[in-house]
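Notes to accompany the following structure.
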Amino acid sequence: MAGTQTAYSRKDHERAERLRYFGDVALVIVGIVVVWQILHMLAGDVAISSPLATAIRAGELLGSASFWPHAAETAKALVYALIIALLIGIGVGTWLGAHKLSGAVAEPILVALYSLPKITLYPLILLVFGLGIEAKIAFGAIHGVIPVTIFTMNAVKNINRVFLRSARVMKLTAMQTATRILLPATMPEIVSGLRVGFSLTLLGVVIGELFSSHRGMGFLVMRAIGLHDVSTMMAVTLILAVAAVAISSILLYIDNRLHRRV
Amino acid sequence: MSHEVHARLEGVTRVYPAVAGNPPVHALGPIDLDLRKGEFFSIVGPSGCGKSTCMDVLAGLAAPTEGNVWFEDKRVHGNVPDGIGAVFQEDASFPWLTVEDNAAFGLRRAGVDAAEIRRRVDYALGFVGLKDFAKAYPAQLSGGMRQRVCIARTLVLQPRLILLDEPFGALDAQTRLLMGDELLKLWRETGATVLLITHALDEAAMLSDRIGAMSARPGRFLETVETGWSRDRDSRMLEGETFGHITGRLWQMLRSESQRAMGHEGGVA
Amino acid sequence: MNRLTLIRLGVIVAFFGLLEILCRTGVISPFTMIPPSEMAIELWALIVSGEVARGMRQTLGNVAVACILAITVGFAVGAGVHALPRLRRALDPFLTTYYAVPFFVFYPLLVFIFGMNNFPMIMIGFLFAVVAMIINTLNGLDKIPRVYRKVARMHHMGRAKTALLIELPYAIPNLFTGVKLAVAYSFIGVIAAEFILAPGGLGYAISFAYDNFDNETMYALMLFILVLVTIINMSLHAYEQRLLRRQGR
């Protein structure tokens, strides 16, 4: 039948389309590697190690026992900072979204804080928290908390009022309204906030490690610089970048899935 | 009324080529249509029947796949001829220009001198009742007023054929009736030929000399209804009996077509 | 002044007032933070002595170069990529995950390659800002409704005229959002770079004061940067909101 035939051809076409898309993405990655290789050839081994050498060095690092405590330190700081950012951000964001006046007062302040070079506050953090992991966590959390707050605030503020009226018509309890209506309705925006928050939290943690730190991936980069060890420096950078892009892509995938549903 | 032909569609079809694995879409036709000089013609039909495609083809915004389009004895084939103006359903006022600069837009492109622009813009803004808002930006106006900005922008170019693609589609029912009155006034005073595309049967019945009822996709004319209104008419004729007869007749033709368009294959009699 | 602004001002004053009290009463030790009033007095002294101006010239110069580069390159790349849908689709995942890469890890490398001068700082500011401009350019061009292209054709306008007289003006508010972010991100990039490793500039001066336990200078400069950047960012933000309002969006 004509109907089934077109359905098949559409499926085939979608598959071909997806293949082409992944091919294009792969081409972009190849392009990046080629540019890197050219830069390497122009600048030489002392400045930029080749993609291959960097990958090999990254493999060595990933296989060495001394690398993992540093990775764990960064990961631990990131996770703690992110948890703090989420708890505060969702809490404050919900309040600012639900309470109109507070939200209106706070919004420009949040926007101002968002685009501030927060690095200038780092000495203050160090003076308060000392040189350990706490300072990195605090600095990461400061970066992450603002986008989470802003996204949560907007999600709560823009909830379709009809949902709440429907909840009342259906005689849902406050608890049911929160878990069955508010949470699913705000989830997509909160995940967007988490995605942006993740990026900024990582940025905060890594900046913390580049400056006055003795552990973590950022510290490895700074130490390698001190030793003029270009391939290690680039390998650590590569590992960090790939991990960050991978996590962010997963969050982006979830984000897109959730937004398509709404 | 003279029956001189102003624009003509001859065996026009429009087929959108296959994209993204979907088969080609036969959107329109074949249709034939003679627009008489100075008449008010409306096309009604179920959603997705190709009404807008029909207008795009006539305006030269899209080329017909088959058939020919003529405007004032010149062939139109995917090129916008002089003398045709169009107002679309979407708000197309330029938000970065004031109302008067919006209205003057086409005249400035055409290099008309400043005094003439002034004169025509003043007239057009007066006509659509926006004289007091000449210095306002579209964002400060209501949806209906913005649509009037677009009408003024078309009007200043003194088109001989005015195409209107559901220009009041986004407005509420009462505003639409009033806009309909303005449209009639515009049609009477300019003497232009007007082609109105609409999904509202009452709108078509009230405004038109003739109404073409179109089938579900691919759109074809089922029948053309003559209303027999005098040139001097307005929305008050809604009270009359004839009005009900015309809308009733249109609905009789379109009911099963609309059901088909909604997905009830075959329709229910 | 409206009520909201007054409340906002109150909140900010209360915040600094609280800090002042906490510092004065010794709840916050002077080794951690000095009272805001002393920061202001110290800052005034630094401004009078010309020390701030020196650092500021360097920082602002680098920020200006970085953000002008980011705006022009970002707009050109954004417009180019917009015209090539296939390339755009392939680039999209990279653009959206770009800011997940903690950029400053490249900074030591740049210093290593180019030496300790302004160039690596400008590069970091540029790299940090350019993608925001690209994303907002794409976003702005995406938002132009299709009907405007129909209107352009009804007015017998060609591709170039349509772009210049219709598409560009329509996209301006969104492009300006890109400009606003580019300025803010250039500041973040340049100051962070100065902070980590630099021959001079305000970020460097703070970092230097920190290393030398000079809390007065450090906090005075911190206050200065935060106030300066907030004023610049908020002016751009206010202008952006005005543009958006005029366009009714």
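The values are calculated or read from the model by the stated rules, or taken from the named source; none is laboratory data. The shown structure was predicted, so the numbers you read here are calculated from the model rather than taken from an experiment. Backbone-built Cβ (ideal geometry, glycine too); neighbour counts: all protein chains shown. The area values use the complete protein model at the heavy-atom level, side chains included, leaving out ligands, DNA and RNA. Shrake-Rupley method; radii C 1.70, N 1.55, O 1.52, S 1.80 Å.
With the helix formula -39500 (n - 2.57) applied to DSSP H stretches of n ≥ 4, chain A reaches a computed 222 nm mean residue ellipticity of -28000 deg cm²/dmol.
Give the interface area between chains B and C as buried accessible surface, both sides summed, probe 1.4 Å, in Å² to the nearest 100. Display every interim value, and only then the final one.
Working: alone 12910 and 14830 Å², together 25790 Å².
The buried area between B and C, both sides summed, comes to about 1900 Å².
Both the radius of gyration and Dmax for the range C:1-57 are 15.0, 39 Å, in that order, over alpha-carbon atoms. When chain A is treated as a GNM with alpha-carbon contacts under 10 Å, the residue of A:VAL145, A:VAL46, A:VAL245 showing the greatest mean-square fluctuation is A:VAL46. When the surface is traced with a 1.4 Å probe over the full set of protein chains, C:ILE232 keeps roughly 50 Å² accessible.
Give me the dipole magnitude in Debye, nearest 20, for the range C:156-249 about the Cα centre, with unit charges on the beta carbon: positive for Lys and Arg, negative for Asp and Glu. If you can, show how the numbers build up before the last one.
Values: 7 positive and 6 negative charges, 196 e Å.
My answer is approximately 940 debye.
Placing R0 at 56 angstrom, the Cβ-Cβ distance between C:LEU95 and B:ARG188 gives a FRET efficiency of 0.55 after rounding to 0.05. Interface burial in the range A:13-35 reaches 30 Å² or more for A:HIS13, A:ARG20, A:TYR21, A:ASP24, A:VAL25, A:VAL28, comparing the full protein assembly with the chain by itself; accessible area from heavy atoms with a 1.4 Å probe.
Under the simplified labelling scheme, the A:LEU39-A:THR179 pair shows an inter-label distance of 5.1 nm, with each label point 7 Å from Cα along Cα→Cβ. Mind telling me which of A:LEU42, A:LEU210, A:LEU124 comes out most flexible in a GNM of chain A, alpha-carbon contacts under 10 Å? Result for chain A, Cα springs under 10 Å: A:LEU42 fluctuates most. For the set B:ASP232, C:ASP214, the ranking by accessible area, highest first and with no ligand, DNA or RNA atoms included, is B:ASP232, C:ASP214 under a 1.4 Å probe. Highest mean first, the peptides B:27-38, A:156-167 sorted by other C-beta atoms within 10 Å per residue fall in the order B:27-38, A:156-167. What does the convex hull of the alpha-carbon atoms of the range C:48-246 project to on average, in nm²? Computed as one quarter of the Cα hull surface, the answer is 13.5 nm². Counting only residues at least eight positions apart within a chain, or on another chain, the aspartates and glutamates with an alpha carbon under 20 Å from that of B:LYS74 are B:GLU4, B:GLU10, B:ASP32, B:ASP34, B:GLU39, B:ASP56, B:GLU66, B:ASP82.
Taking all protein chains together and rolling a 1.4 Å probe, C:VAL27 ends up with roughly 110 Å² accessible. Taking each DSSP H run with n ≥ 4 as -39500 (n - 2.57) and averaging over every residue of chain C yields -27000 deg cm²/dmol at 222 nm. Solvent-accessible area assigned to carbon and sulfur over chain B amounts to 50 percent, based on a 1.4 Å probe. Rounded to the nearest 5, the antiparallel percentage of DSSP beta bridges internal to chain B is 50%. When peptides C:108-118, C:171-181, B:49-59 are ranked by their average number of other Cβ atoms within 10 Å per residue, the highest-first order is B:49-59, C:171-181, C:108-118.
Largest first, what is the accessible-area ranking of C:ARG159, C:ARG86 with a 1.4 Å probe?
Working: C:ARG159 160, C:ARG86 115 Å².
My answer, sorted largest first, is C:ARG159, C:ARG86.
Per residue of C:26-37, what is the mean number of Cβ atoms on other protein chains within 10 angstrom of that residue's Cβ?
Numbers: counts 0, 0, 2, 1, 0, 1, 4, 3, 0, 0, 0, 0.
That average works out to 1.
Computed from the C-beta positions of B:ASP82 and A:MET170, the FRET efficiency with R₀ = 45 Å rounds to 0.15. When each full DSSP H helix of chain C is screened for a Cα extent of at least 27 Å along its own axis and an average Kyte-Doolittle hydropathy of at least 1.0, the helices passing are C:3-24, C:51-82, C:118-142, C:168-196.
Model label points for B:GLU72 and B:ALA110, set 7 angstrom from Cα along the Cα-to-Cβ axis, are 1.0 nm apart.
Heavy-atom accessible surface of chain C, averaged per residue, reaches 46 Å², computed with a 1.4 Å probe.
Express the accessible area of chain B per residue in Å², computed with a 1.4 Å probe while the remaining protein chains stay in the model.
Numbers: 11820 Å² over 269 residues.
With all protein chains present, chain B gives 44 Å² per residue.
Interface residues of the range C:205-249, defined as those with an accessible-area decrease of at least 50 Å² between the chain by itself and the complete set of protein chains (probe 1.4 Å), are C:TYR210, C:MET222, C:LEU226, C:MET234, C:ARG246.
Dipole check for the range B:127-269: with +1 at the C-beta of Lys and Arg, -1 at the C-beta of Asp and Glu, and the Cα centre as origin, the magnitude is about 460 Debye. Of all lysines in the structure, the ones whose alpha carbon falls short of 16 Å from that of A:LYS76, not counting any fewer than 8 places away in one chain, are A:LYS136. Scanning residues 5 or more positions from B:LEU28 or on other chains, those with amide H under 5 Å from its amide H are B:ARG14, B:GLY219, with H placed 1.01 Å from N in the peptide plane.
Ligands, DNA and RNA are left out, and with a 1.4 angstrom probe the accessible area of the range A:63-261 is 46 Å² per residue. Beyond 27 Å in Cα-Cα separation lie the following of the pairs C:LYS143/C:LYS180; A:LYS118/C:LYS143; B:LYS131/B:LYS185; B:LYS37/B:LYS185; B:LYS37/B:LYS131; A:LYS157/B:LYS135: A:LYS118/C:LYS143; B:LYS37/B:LYS131; A:LYS157/B:LYS135. Summing +1 for each Lys or Arg and -1 for each Asp or Glu among the other residues whose beta-carbon sits under 15 angstrom from that of C:LEU168 gives +2.
When the helix-only estimate is applied to chain B (DSSP H runs of n ≥ 4, each -39,500 (n - 2.57), divided by the residue count), what is the mean residue ellipticity at 222 nm, nearest 500 deg cm²/dmol?
Working: 7 runs with 94 residues, N = 269.
Taking each H run of at least 4 residues, the total per residue is -11000 deg cm²/dmol.
Counting only heavy atoms of the protein chains and using a 1.4 Å probe, C:TYR204 has close to 80 Å² of accessible surface.
Note on the range C:1-153: percent of Cα-Cα distances in each 10 Å bin, starting at 0 and stopping at the bin with the largest distance, equals 9, 20, 21, 26, 17, 6, 1, 0. Counted over the protein assembly as shown, the DSSP beta bridges are approximately 50% antiparallel. Here chain A exposes an accessible surface that is 70 percent carbon and sulfur, computed with a 1.4 Å probe and the other protein chains kept in place.
What's the total accessible area buried between chains A and C, using a 1.4 Å probe, rounded to the nearest 100 Å²?
Numbers: alone 16210 and 14830 Å², together 26230 Å².
What A and C bury together is about 4800 Å².
In what sequence, largest accessible area first, do B:GLU257, A:GLU107, B:GLU241 appear using a 1.4 Å probe?
Details: B:GLU257 20, A:GLU107 70, B:GLU241 145 Å².
Greatest to least solvent exposure: B:GLU241, A:GLU107, B:GLU257.
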